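Visitor: Have a look at this one.
The values are calculated or read from the model by the stated rules, or taken from the named source; none is laboratory data. Keep in mind that this is a model prediction, so the values were computed, not measured. Cβ sites come from the backbone with ideal geometry, for glycine too, and all protein chains shown count toward neighbours. For the accessible areas, the whole protein counts, side chains as well, though only heavy atoms, and no ligand, DNA or RNA atoms are used. Shrake-Rupley method; radii C 1.70, N 1.55, O 1.52, S 1.80 Å.
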There are 6 protein chains.
Amino acid sequence: MPTLSPIEYADASPQVRSVYDDIKKTRNVPDVNNFWKFLARDPATLKRTWESVKEVMAPGAIDPLTTEMIYLAVSVTNGCGYCIASHTAAARKAGMTEAMAGELMAVVGMANETNRLANGYRVPIDAAFDT
Amino acid sequence: MPTLSPIEYADASPQVRSVYDDIKKTRNVPDVNNFWKFLARDPATLKRTWESVKEVMAPGAIDPLTTEMIYLAVSVTNGCGYCIASHTAAARKAGMTEAMAGELMAVVGMANETNRLANGYRVPIDAAFDT
Amino acid sequence: MPTLSPIEYADASPQVRSVYDDIKKTRNVPDVNNFWKFLARDPATLKRTWESVKEVMAPGAIDPLTTEMIYLAVSVTNGCGYCIASHTAAARKAGMTEAMAGELMAVVGMANETNRLANGYRVPIDAAFDT
Amino acid sequence: MPTLSPIEYADASPQVRSVYDDIKKTRNVPDVNNFWKFLARDPATLKRTWESVKEVMAPGAIDPLTTEMIYLAVSVTNGCGYCIASHTAAARKAGMTEAMAGELMAVVGMANETNRLANGYRVPIDAAFDT
Amino acid sequence: MPTLSPIEYADASPQVRSVYDDIKKTRNVPDVNNFWKFLARDPATLKRTWESVKEVMAPGAIDPLTTEMIYLAVSVTNGCGYCIASHTAAARKAGMTEAMAGELMAVVGMANETNRLANGYRVPIDAAFDT
Amino acid sequence: MPTLSPIEYADASPQVRSVYDDIKKTRNVPDVNNFWKFLARDPATLKRTWESVKEVMAPGAIDPLTTEMIYLAVSVTNGCGYCIASHTAAARKAGMTEAMAGELMAVVGMANETNRLANGYRVPIDAAFDT
């Protein structure tokens with residue numbers, strides 16, 4: 001069943017190659033990650049997702065390293081193994097040190113804990129937060 | 001039923017007051033948030049949670065604003081209404097501008113989307129991420 | 001729009017009344033909770049869900065109080081407001097003291113934290129756990 | 001440790017065999033999936049779960065293909081690897097084409113994204129949705 | 001604090017109005033939902049999200065009603081109150097009957113249950129699903 | 001890349017060894033699990049997490065077996081593979097029989113199902129639960 005196999009550049013349609021080329025150029029990498037090679041089975045989603053990711057991850061009011069760390073924090077919370085591996089690599093490339101990685105995990109763990117304490121105690125929102 | 005009502009400073013035991021005092025001093029605020037007032041029903045958890053939060057949120061390799069944004073990103077992913085409200089306020093106090101808030105939400109949304117695309121396509125982890 | 005309104009006993013069909021009667025008799029309560037009154041819009045799901053809940057929550061190898069606390073722990077983790085409220089009430093009725101409620105929340109919070117630390121550090125399963 | 005090993009037909013009790021027989025007959029398959037073989041460790045849950053699944057997945061107001069796609073959408077959102085694999089297979093058997101699989105993933109991804117945007121912006125429910 | 005207040009058409013910038021106009025025209029509605037009015041605080045995310053939603057929800061290999069039901073199934077699983085309300089309304093507009101709504105909830109509930117049984121029993125993926 | 005490799009006792013710093021020693025003594029085990037060996041990359045988080053776990057899991061108003069089963073219920077709900085494996089082992093050591101394990105999974109599955117039915121039907125909290 002071909003659906004769950006990746007599409008390599010050599011086998012890609014011109015439409016898919018065009019997205020791969022833009023990923024490689026934007027990120028300055030020799031090849032695209034498995035994520036894109038699997039998504040290539042659905043060229044419309046490949047193109048839309050890449051363009052959205054490119055826009056969202058571009059430097060803006062938040063710097064690229066912080067953006068990557070936020071991405072990683074969400075992926076750890078959701079338990080997405082692939083995303084944890086790929087965004088740990090991306091965050092390191094963007095400058096995340098081992099000390100920062102450790103603190104990131106500590107914050108993510110703590111937030112997941114206090115989120116449940118707030119749920120469990122059914123804490124009402126302070127009036128001050130809404131003014 | 002008293003369990004789900006907050007404990008105000010005036011009604012608190014010396015043990016709980018001591019935690020409240022440390023929160024107020026550390027954060028330089030006149031009163032503690034509802035979260036702590038509800039947690040005070042279980043003084044051991046109040047004390048342990050505050051000491052953990054104080055340690056985890058202290059300045060370190062990651063700056064306080066980024067730490068707050070990571071906390072907020074987790075809370076948005078988990079859909080914890082109280083935590084979203086309180087940590088939006090905390091992140092703003094730490095310097096999050098409206099532009100940064102918008103970008104944060106965009107990154108959190110995108111990560112939640114691609115986490116599911118990676119799940120759905122059952123993408124295997126690239127060998128490069130494990131070296 | 002009638003779909004999201006509850007069905008009271010007086011307005012219920014014989015099929016729905018029969019489920020309500022069994023709930024009231026089994027739990028020794030004068031009326032059923034909102035959960036069942038809303039589910040009654042779909043009588044087949046009402047009947048199947050009640051019969052499954054009755055079977056799963058019946059005394060067995062695990063005692064009724066522990067069963068209720070496990071239910072509550074899941075509901076807190078998922079952030080289901082209705083379920084937290086209803087199963088807190090049920091657990092108390094089954095004997096959960098305030099001290100137990102506090103410890104339950106502490107364990108749920110801690111498990112949610114360490115679940116993410118295990119995710120984030122990508123910890124492999126110890127061989128000893130599989131033998 | 002036998003708990004986490006599957007129970008094959010040849011080794012199954014009459015009670016378990018009876019469920020296996022009904023699964024095989026209902027689905028017209030030569031053997032049951034691992035899911036049922038592991039659940040067989042708890043014959044009461046095996047029987048109740050199968051009867052519930054059989055009732056819920058039966059043709060009704062929603063056709064079988066749509067039912068399988070809804071099941072798959074939930075499994076992808078929860079990141080259940082086994083369920084994604086088994087319900088992708090089931091949805092294909094029910095008629096899901098590769099184009100439909102791609103669109104399904106796109107919708108699931110988008111819903112997970114907008115769910116978090118709605119959380120993060122704390123959007124209040126429009127009055128029109130409640131009338 | 002203006003951040004969490006909606007932007008009405010009369011107060012919107014030309015860029016935001018242009019998105020609102022396209023939503024109203026595409027959906028043939030007199031006004032946009034709160035979701036878009038809150039997202040308008042971040043015009044880039046408003047525009048990108050609308051264009052993605054428009055593309056993903058357009059008729060394709062999956063019909064519009066099924067697409068809306070998949071969206072709703074994800075929102076129910078994530079417990080997003082706003083999304084459940086808005087996509088229940090959208091699914092009804094697309095043709096979801098009360099019987100279909102009931103079956104949808106039943107399937108979503110069952111999938112969430114079996115996802116956890118598969119997790120808890122640590123069921124390995126059948127070889128047949130990978131061929 | 002050393003970050004994701006475990007730290008064995010022989011290679012550990014005095015600070016880490018001190019935590020390992022306390023884990024081994026408290027649990028009466030010859031070596032610590034992988035979880036702690038990976039966490040040891042961040043000694044502050046190792047120490048804080050162990051001390052919190054030790055406090056939370058200590059006998060109190062809830063007995064140790066019930067505490068372990070609650071932990072396991074959360075881990076199954078979150079789909080944390082490592083945590084399911086390690087806390088299944090811990091719960092068995094604390095006395096969880098095979099019959100109890102089966103009932104635990106049944107309750108966790110059912111709670112995950114009814115949590116979504118409560119979400120989907122948007123059931124309002126009964127007044128009786130708040131008094």
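Visitor: Efficiency by 1/(1 + (r/R0)^6): what FRET value for A:Ala44 and B:Ala128, r their Cβ-Cβ distance, R0 = 25 Å, to the nearest 0.05?
Guide: Calculated transfer efficiency: 0.40.
Visitor: Further question: Per residue of F:51-58, how many C-beta atoms from partner chains lie within 10 Å of its own C-beta, taken as a mean?
Guide: Mean partner shielding for this stretch: 5.
Visitor: Also, quick follow-up: Grab the DSSP H runs of chain A that are 4 residues or longer, score each as -39,500 (n - 2.57), total them, divide by all residues and round the 222 nm result to the nearest 500 deg cm²/dmol.
Guide: Value at 222 nm, helices only: -21500 deg cm²/dmol.
Visitor: Please compute the average number of Cβ atoms from other chains found within 10 Å of each residue's Cβ in peptide B:38-50.
Guide: Partner Cβ neighbours, averaged per residue: 6.
Visitor: Charges only on Cβ, +1 for Lys and Arg, -1 for Asp and Glu: so what's the dipole of the protein assembly as shown about the Cα centre, in debye to the nearest 20?
Guide: Magnitude of the dipole: close to 0 debye.
Visitor: Run the numbers on chain F and let me know its relative contact order in percent, using alpha-carbon pairs under 8 Å that are six or more apart.
Guide: RCO, chain F: 16 percent.
Visitor: Let me ask you something else. Please give the total accessible area that chains F and C bury against each other, computed with a 1.4 Å probe and expressed in Å² to the nearest 100.
Guide: Separately minus together, F and C give about 5300 Å² buried.
Visitor: Angle check, please: helix A:98-120 long axis (alpha carbons) against the longest principal axis of chain A (alpha carbons), in degrees 0 to 90, nearest 10.
Guide: Helix A:98-120 sits at roughly 60 degrees to that axis.
Visitor: Sort the following peptides by mean Cβ neighbour count (other Cβ atoms within 10 Å, averaged over residues), highest first: B:23-35, A:72-84.
Guide: The densest-packed peptide leads the list: A:72-84, B:23-35.
Visitor: Go through B:Ile125, B:Gly109, B:Ser86 and say which Cα lies farthest out towards the positive end of the charge dipole of chain B; charges sit on Cβ, +1 for Lys and Arg, -1 for Asp and Glu.
Guide: B:Ser86
Visitor: Moving on to the next point. In peptide B:86-95, what is the residue-averaged number of other protein chain Cβ atoms found within 10 Å of each Cβ?
Guide: Other-chain Cβ atoms within 10 Å of each residue's Cβ, averaged: 3.
Visitor: Label points 7 Å out from Cα along the Cβ direction at A:Lys24 and B:Ser18: separation in nm?
Guide: If labels sit at A:Lys24 and B:Ser18, their model points lie 6.5 nm apart.
Visitor: Related question: At 1.4 Å probe size, put B:Ser18, A:Ser52 in order of accessible surface, largest to smallest.
Guide: Sorted by accessible area, descending: B:Ser18, A:Ser52.
Visitor: How many angstrom lie between the Cα centre of the range C:78-110 and the Cα centre of the range E:38-54?
Guide: If we compute the Cα centre of each part, the gap is 39 Å.
Visitor: Another question, then. Run the dipole for chain F about the Cα centre, Lys and Arg Cβ at +1, Asp and Glu Cβ at -1, nothing else charged, and hand back the magnitude in debye, nearest 20.
Guide: 320 debye
Visitor: Quote the FRET efficiency, to the nearest 0.05, computed for F:Ala94 versus C:Lys93 with a Förster distance R0 of 25 Å and r equal to the Cβ-Cβ distance.
Guide: For R0 = 25 Å, the calculated efficiency reads 0.45.
Visitor: In addition: Taking chain F as the reference, fit the longest principal axis to its C-alpha atoms, fit the long axis of helix F:64-78 to the helix C-alpha atoms, and give the angle between the two in degrees, 0 to 90, nearest 10.
Guide: The two axes meet at around 80 degrees.
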